[in-house]
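**Student:** Handing you this structure, nothing more for now.
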Amino acid sequence: MELATTPGKLLRFDRKNLSDSKLLELYEGLLIPRRIEEKMLILLRQGRISKWFSGWGQEAISVGAVQALQADEFILPMHRNLGIFTGRNVPLDKLFAQFQGKKSGFTKGRDRSFHFGSSEHHIVGMISHLGPQLAIADGIALANKLSKEKKVTLVFSGDGASSEGDFHEGLNVAAVWKLPVIFVIEHNGYGLSTPNREQFAFKNFTDKGPGYGIETVRIEGNNILDVYQTISKLAADIRKKPRPVLIEAVTFRMRGHEEASGTKYVPKQLMEEWAKLDPLETYESYLESIGVLDEKKKDQLNKRVRKAITEAWEKAFAEEPISPVMEEEILGVYAPFEQKTISPTSDKVSERRFVDAISDGLRQSMEKYPNLVLMGQDIGEYGGVFKITDGFVKQFGEDRVRNTPLCESAIIGAGLGLSVKGFKAMVEMQFADFVSVGFNQIVNNLAKIHYRWGQNADVVVRMPTGAGVAAGPFHSQSNEAWFFHTPGLKIVYPSNPYDAKGLLNAAIEDPNPYLYFEHKALYRSLNAEIPDEYYTVEVGKAQLVNEGDQVSIITYGMGVHWAKKAVTEMGVSADILDLRTLLPWERKAVSETVKKTGKAIFLQEDCLTGGIGAEICAWISENCFEFLDAPLMREGSLDTPVPFAPNLEKQFLPEKRFREKLRKLIEY
Ligand SMILES: Cc1ncc(C[n+]2csc(CCOP(=O)(O)OP(=O)(O)O)c2C)c(N)n1
């Protein structure tokens with residue numbers, strides 16, 4: 001089949017063995033998004049919807065793709081793929097309510113336009129950042145592969161978004177793990193106003209895909225038969241022989257990036273030439289030429305489609321604007337989960353180091369949850385750089401204990417994809433510092449997805465953290481505050497072996513996304529007798545680890561050990577409250593100790609500015625002011641990067657300054 005890669009060439013349709021009714025089904029598939037768009041463009045001009053991302057002229061890609069896949073195969077669309085939603089028969093009134101920010105929309109007014117998914121329709125919608133979609137598709141495909149479901153997952157990307165690092169990571173992981181994913185690039189010439197020559201230096205994606213070891217096919221994106229037949233054939237083959245395939249669907253963006261941004265920067269001639277390749281009109285002419293479609297049938301179909309659209313629009317429009325209920329919004333942030341604290345089934349205890357406690361918890365969680373998958377760099381045979389997963393491959397196999405390429409973003413995204421399919425994931429950061437390159441997936445995908453459209457993110461990210469090990473600025477940071485500010489996450493930070501095991505197990509039980517901080521300097525320096533059996537520690541509960549009446553020291557992690565040492569050596573009578581959970585932190589325990597002693601100091605290993613202590617001290621001052629006999633105090637590390645040389649690092653850390661401040665507070 002000749003490719004219309006340059007305008008001016010005509011589309012050539014070849015029905016092969018497709019029946020008349022299939023040809024018409026594809027036609028109707030094209031008609032629906034086109035007629036919806038026509039309506040939306042009018043509504044936009046009338047100010048009844050706020051934004052519109054047009055897929056005009058690109059419909060054949062969505063429609064061909066959705067019809068080529070089975071109804072329970074996941075599709076991850078972008079902002080120009082209306083045809084995916086209509087092709088999966090999402091109720092039009094609900095779709096329009098979504099566009100209008102109404103309560104009956106897919107996100108209940110919490111997110112806009114195509115930013116939603118629907119598990120019922122096997123669709124995972126995008127976040128604005130574009131590229132993160134690809135890794136979620138990898139995770140879904142991995143789940144299919146692990147559960148031996150012979151299913152394909154299909155994900156879209158624009159040609160512009162292919163410049164993102166997430167594109168590279170998503171393709172690379174799929175290639176290395178031979179995941180059954182079809183990546184469809186809509187090669188439409190522009191990313192907002194940027195033409196492709198300013199986006200990348202290769203010519204076609206057929207040059208790029210093979211670099212990843214991925215089979216790449218170039219198709220006429222405006223030719224519905226080419227799209228449908230190619231994807232159908234590939235999908236059938238991939239179901240039998242799982243592997244990723246990249247499809248470059250050549251098309252053109254006929255309208256502005258979004259309606260308000262216009263198309264002035266696009267040469268007029270290009271527009272005119274591509275207009276001749278309109279996917280609906282060309283296909284219509286083809287069907288007429290072979291006698292499958294005539295005026296009467298066309299009329300009937302158009303009337304039916306227009307009527308359905310008008311009725312659905314009116315229904316959605318008639319719905320009252322949302323009346324905000326604050327409680328509902330706050331409850332919507334996390335997936336519902338009733339925490340049950342589990343006690344060990346026997347009294348047997350053993351002396352375990354902090355690092356062993358984490359390893360034990362992880363192993364027992366793997367035994368308890370056959371759907372739990374561990375992913376991280378070097379965590380397989382090698383056992384992880386801290387040896388926490390030593391021996392795991394032997395016990396659980398390589399499918400569940402997965403060595404990953406060096407790509408934090410894709411692996412965290414894949415964790416989310418696994419949860420879409422009902423799996424649990426634990427992702428090990430080799431060092432907490434490296435989470436910065438997976439940050440977007442955590443704060444924008446994992447944290448927000450339940451609030452947006454009700455999908456949970458059952459992912460625990462383990463974070464070997466902290467300084468005191470002379471490892472310099474990139475292997476020592478305390479970065480819990482980066483996440484503390486993000487609604488939708490939970491953060492736990494144990495300070496002892498008992499809590500390390502119990503909180504890890506509890507985090508894995510909960511279907512919500514967690515950051516689990518484990519201090520590297522405690523791994524092998526701290527022992528305790530802990531139960532041999534599986535147990536959990538309640539999330540959201542602080543613990544008083546020392547009792548006294550002169551002062552309250554509120555802290556967590558390494559701070560607990562500095563505080564204990566200080567009060568012993570200084571002969572201070574202090575309450576030491578170990579927060580254990582940072583998000584959501586326990587207000588009751590904090591207020592109780594403050595009310596008891598009337599003096600409080602917050603100690604954190606993290607740099608002082610904008611840390612956890614700032615928030616908790618602000619809360620104390622607002623809620624416990626009348627019980628305070630002295631100013632609230634805070635101590636933390638210097639506001640500098642973590643230095644390498646031991647003496648500089650010692651100065652950076654707050655231990656010494658904390659003692660001075662504690663003395664001052666007591667003497668106040
Ligand atoms: C990370 C990020 N940077 C910038 C943007 C703003 N933005 C939204 S869509 C877009 C262009 C996308 O181009 P492409 O991937 O080719 O898709 P198309 O719009 O052409 O379908 C840009 C720059 C964004 N959404 N996310």
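**Student:** Under 6 Å between Cβ atoms, at least 6 apart or on separate chains: pull out the pairs that start in the stretch 348-363 with a residue that is in contact (Cβ under 8 Å) with a residue 12 or more places away in the chain and end on any residue that is assigned to a strand (DSSP E or B).
**Tutor:** Listed by first residue and then by second, the contacts come to Val349/Glu529; Val349/Pro531; Glu351/Asn527; Glu351/Glu529; Arg352/Ile530; Arg353/Asn527; Ala357/Ile530; Ile358/Glu518.
**Student:** Continuing with this model, one more query. Kindly provide the set of residues from the stretch 615-668 that are under 22 Å from Glu480 (Cβ atoms) and among the small types (Gly, Ala, Ser), ordered by number.
**Tutor:** Result: Ala618, Ser621, Gly636, Ser637.
**Student:** Of the residues Ala432, Ala410, only one is crowded, with 24+ Cβ neighbours inside 10 Å and out of contact with any strand residue (DSSP E or B) (no Cβ under 7 Å at 6 or more places or on another chain); which?
**Tutor:** Working: Ala432 fails: out of contact with any strand residue (DSSP E or B) (no Cβ under 7 Å at 6 or more places or on another chain).
Criteria check complete, one pass: Ala410.
**Student:** While we're looking at this one, here's another question. Looking for whichever is more than 11 Å from the ligand (Cβ to nearest atom) and either open to solvent by 50 Å² or more (accessible area, probe 1.4 Å) or on the phi > 0 side of the Ramachandran plot (or both) here; the options are Asp226, Asp207. Which one fits? First the steps, then the outcome.
**Tutor:** Values: Asp226 fails: either open to solvent by 50 Å² or more (accessible area, probe 1.4 Å) or on the phi > 0 side of the Ramachandran plot (or both).
That would be Asp207, the only listed residue that is more than 11 Å from the ligand (Cβ to nearest atom) and either open to solvent by 50 Å² or more (accessible area, probe 1.4 Å) or on the phi > 0 side of the Ramachandran plot (or both).
**Student:** Quick one: in the stretch 41-69, of everything that is open to solvent by 20 Å² or more (accessible area, probe 1.4 Å) and among the aromatic types (Phe, Trp, Tyr), which residue is modelled with the highest pLDDT?
**Tutor:** Of the stretch 41-69, the ones open to solvent by 20 Å² or more (accessible area, probe 1.4 Å) are 42, 44-48, 50-51, 53, 56, 67.
Narrowing further to those that are among the aromatic types (Phe, Trp, Tyr): 53, 56.
Working: Phe53: 94, Trp56: 97.
Only one residue fits best here, namely Trp56.
**Student:** Quick check on my filter: what residues within the stretch 68-115 are of a type in the set (Ser, Thr, Tyr) and on the phi > 0 side of the Ramachandran plot? If you could, list the steps in order and put the result at the bottom.
**Tutor:** Taking the stretch 68-115 as the starting set, the residues that turn out to be of a type in the set (Ser, Thr, Tyr) are 86, 104, 107, 113.
Matches in the stretch 68-115: Ser113 only.
**Student:** Considering only the stretch 105-155, state which residues are farther than 14 Å from Lys94 by Cα, assigned to a loop (DSSP other than H, G, I, E, B) and either open to solvent by less than 10 Å² (accessible area, probe 1.4 Å) or among the small types (Gly, Ala, Ser) (or both).
**Tutor:** Matches in the stretch 105-155: Val124, Gly125, Met126, Ser128, Gly131, Pro132, Ser147, Val152.
**Student:** Something else now. Is it the case that Ala4 is at pLDDT below 95 and open to solvent by less than 10 Å² (accessible area, probe 1.4 Å)?
**Tutor:** Details: at pLDDT below 95: yes; open to solvent by less than 10 Å² (accessible area, probe 1.4 Å): yes.
Judged against the criteria, Ala4 is a match.
**Student:** Now for a separate question. Out of the residues in the stretch 138-171 meeting the condition of being within 15 Å of the ligand (Cβ to nearest atom) and among the aliphatic types (A, V, I, L, M), tell me which one is nearest to His121 (Cα to Cα).
**Tutor:** From the stretch 138-171, those within 15 Å of the ligand (Cβ to nearest atom) are 155-171; that's our starting set.
Add one more test, that the residue is among the aliphatic types (A, V, I, L, M), and what stays is 155, 161, 171.
Details: Val155: 15, Ala161: 25, Leu171: 25 Å.
Result: Val155.
**Student:** Between residues in the stretch 192-203 that are under 15 Å from Glu164 (Cβ atoms) and residues that are open to solvent by less than 60 Å² (accessible area, probe 1.4 Å) and among the hydroxyl-bearing types (Ser, Thr, Tyr), which pairs lie under 9 Å by C-beta distance while being six or more apart or on different chains?
**Tutor:** Leu192/Ser261; Asn196/Tyr190; Gln199/Ser162; Gln199/Tyr190; Phe200/Ser162
**Student:** Would you call Glu73 acidic (Asp, Glu) and in a helix (DSSP H, G or I)?
**Tutor:** Values: acidic (Asp, Glu): yes; in a helix (DSSP H, G or I): no.
So Glu73 fails the test.
**Student:** Enumerate the strands (runs of 3 or more DSSP E) found wholly within the stretch 543-616, keeping only those where 1 or more residues are among the hydroxyl-bearing types (Ser, Thr, Tyr), within 24 Å of Glu667 (Cα to Cα) and free of Cβ contacts under 8 Å to residues at least 60 places away in the same chain. I'd like the intermediate steps shown before the answer.
**Tutor:** On the way: elements: 543-546, 551-555, 574-578, 581-583, 600-607.
Once the strands (runs of 3 or more DSSP E) in the stretch 543-616 are filtered for at least 1 residues that are among the hydroxyl-bearing types (Ser, Thr, Tyr), within 24 Å of Glu667 (Cα to Cα) and free of Cβ contacts under 8 Å to residues at least 60 places away in the same chain, what remains is 551-555.
**Student:** Can you tell me which of (1) within 16 Å of Ala614 (Cα to Cα); (2) open to solvent by 10 Å² or more (accessible area, probe 1.4 Å); (3) of a type in the set (Gly, Ala, Ser) is the one Gly571 doesn't meet?
**Tutor:** Here Gly571 clears every test but (1).
**Student:** I'd like to know if the stretch 279-295 contains one or more residues that are under 28 Å from Gly209 (Cα atoms) and crowded, with 19+ Cβ neighbours inside 10 Å. Give the steps one after another, and end with the answer.
**Tutor:** Taking the stretch 279-295 as the starting set, the residues that turn out to be under 28 Å from Gly209 (Cα atoms) are 279.
Restricting the remaining residues to those that are crowded, with 19+ Cβ neighbours inside 10 Å gives 279.
Taking every residue of the stretch 279-295 in turn, at least one turns out to be under 28 Å from Gly209 (Cα atoms) and crowded, with 19+ Cβ neighbours inside 10 Å.
**Student:** Here is a list: Arg197, Arg218. Which entry is over 23 Å from Val124 (Cβ atoms), within 16 Å of the ligand (Cβ to nearest atom), open to solvent by 40 Å² or more (accessible area, probe 1.4 Å) and not small (Gly, Ala, Ser)? Explain how you work it out, then say what you get.
**Tutor:** Numbers: Arg218 fails: within 16 Å of the ligand (Cβ to nearest atom).
Testing whether each residue is over 23 Å from Val124 (Cβ atoms), within 16 Å of the ligand (Cβ to nearest atom), open to solvent by 40 Å² or more (accessible area, probe 1.4 Å) and not small (Gly, Ala, Ser) leaves just Arg197.
Here is a yes/no grid of residues against (1) more than 21 Å from Phe183 (Cβ to Cβ); (2) in a helix (DSSP H, G or I); (3) without any contact (Cβ under 8 Å) to a residue 24 or more places away in the chain:
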position: Arg243; (1), (2), (3): no, no, no
position: Gly256; (1), (2), (3): yes, no, no
position: Val266; (1), (2), (3): yes, no, no
position: Gln269; (1), (2), (3): yes, yes, yes
position: Lys303; (1), (2), (3): yes, yes, yes
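**Student:** Please enumerate the residues belonging to the stretch 320-360 that are more than 25 Å from Ala97 (Cα to Cα) and in a helix (DSSP H, G or I).
**Tutor:** Phe354, Val355, Asp356, Ala357, Ile358, Ser359, Asp360
**Student:** Within the stretch 172-188, is even one residue near the ligand (Cβ under 9 Å from one of its atoms) and out of contact with any helix residue (DSSP H, G or I) (no Cβ under 7 Å at 6 or more places or on another chain)? Write out each step before concluding.
**Tutor:** So the first thing to find is which residues in the stretch 172-188 are near the ligand (Cβ under 9 Å from one of its atoms), and the list is 185-188.
Filter again for out of contact with any helix residue (DSSP H, G or I) (no Cβ under 7 Å at 6 or more places or on another chain), leaving 188.
Within the stretch 172-188, one or more residues are near the ligand (Cβ under 9 Å from one of its atoms) and out of contact with any helix residue (DSSP H, G or I) (no Cβ under 7 Å at 6 or more places or on another chain).
**Student:** Now for a different question. Here is a check on your reading of the model: is Ile123 in contact with a helix residue (DSSP H, G or I) (Cβ under 9 Å, 6 or more places away or on another chain) and either more than 27 Å from Thr194 (Cβ to Cβ) or more than 12 Å from the ligand (Cβ to nearest atom) (or both)?
**Tutor:** On the way: in contact with a helix residue (DSSP H, G or I) (Cβ under 9 Å, 6 or more places away or on another chain): yes; either more than 27 Å from Thr194 (Cβ to Cβ) or more than 12 Å from the ligand (Cβ to nearest atom) (or both): yes.
Judged against the criteria, Ile123 is a match.
The values are calculated or read from the model by the stated rules, or taken from the named source; none is laboratory data. All figures in this text were calculated on a predicted structure; none of them were measured in a lab. FYI the Cβ positions are ideal-geometry reconstructions off the backbone, even for glycines, and counts take in every protein chain you see. With ligands, DNA and RNA removed, areas are computed over all heavy atoms of the protein, side chains included. Shrake-Rupley method; radii C 1.70, N 1.55, O 1.52, S 1.80 Å.
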